[in-house]
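Below is one structure, written out as structure tokens; the observations come after it.
The values are calculated or read from the model by the stated rules, or taken from the named source; none is laboratory data. Values in this document were obtained by computation on a predicted structure and should not be read as measured data. Counting neighbours? That spans all protein chains shown, and the Cβs are built from the backbone with ideal geometry, glycine included.
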Number of protein chains: 2
Amino acid sequence: MSTIDRFELIEQCSKNYVLAVNDTLNVISGKWKLPIIASLFDGEKRFKELEDAIDKISPRMLSKELKELELNGIVNRNVHNTTPVLIEYELTESGHNLKSVIDAMVQWGLTHRHAVINYD
Amino acid sequence: MSTIDRFELIEQCSKNYVLAVNDTLNVISGKWKLPIIASLFDGEKRFKELEDAIDKISPRMLSKELKELELNGIVNRNVHNTTPVLIEYELTESGHNLKSVIDAMVQWGLTHRHAVINYD
């Protein structure tokens, strides 16, 4: 491998690294994504159950956010063939795998908040 | 502990959890924070070294981002009493502790990007 190739490889890896983190940030950024994901960690829920679980979210906003999470492959919308039709939302495997990211962020955030308070 | 107290406690914990994650998101969101933090993982650097290490960042933007990271307790600005004066930037302990968060995000992002490509 020439020096140029190696340099390009390192640059490519570094770009993928940044893109990977940005993907993760995009998926969980905003006011509502995280509460919705957290609500679904313990199992699938109906729209009304999510609405009740998440403080102050409007049905319109919940619908919009669920659609975005579905498009990003984080949430599945399951239509059960019953009468009346039952629609439930559940995390995909990618969605469940966000737990380790969120846990790391909570851990850091709690420690850091503490540090910030000490600096005041 | 009464039922009301317990409910309030759970609600308070849940709020702290969300605040903690939002703190973490705020610190690392945006185009430049992460490349700057990543550049400092292997030790302190001068302004010019950071400018060279980070692709396409302007001196003005680098200066702005470093100030924000300093205010958030992520970066220390060390002024060495030499002639000429040497100024170096290094991660604080909080800054170094972001590594586990960023590693989790890279890991998830890389897996998720792969999943997204498969869905296409």
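For the stretch A:23-120, list the helices (runs of 4 or more DSSP H) that sit wholly inside it and hold at least 1 residues that are within 17 Å of the chain's Cα centre (by Cα) and within 26 Å of B:LEU110 (Cβ to Cβ); which are they?
Working: elements: A:33-40, A:47-53, A:59-71, A:93-119.
Fully inside the stretch A:23-120 and qualifying: A:33-40, A:59-71, A:93-119.
Scan B:SER29, B:SER58, B:SER2 and give me the residue that is away from chain A (no Cβ under 14 Å), modelled with pLDDT under 90 and exposed (fewer than 15 other Cβ atoms within 10 Å of the Cβ). Give the derivation first.
On the way: B:SER29 fails: away from chain A (no Cβ under 14 Å); B:SER58 fails: modelled with pLDDT under 90.
Step by step, each of B:SER29, B:SER58, B:SER2 is checked, and only B:SER2 is away from chain A (no Cβ under 14 Å), modelled with pLDDT under 90 and exposed (fewer than 15 other Cβ atoms within 10 Å of the Cβ).
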(request) Name the residue, out of B:VAL21, B:VAL75, that is more than 10 Å from chain A (Cβ to nearest Cβ), surrounded by 14 or more Cβ atoms within 10 Å (Cβ to Cβ) and touching a Gly at 6+ places or on another chain (Cβ under 7 Å). (result) B:VAL75
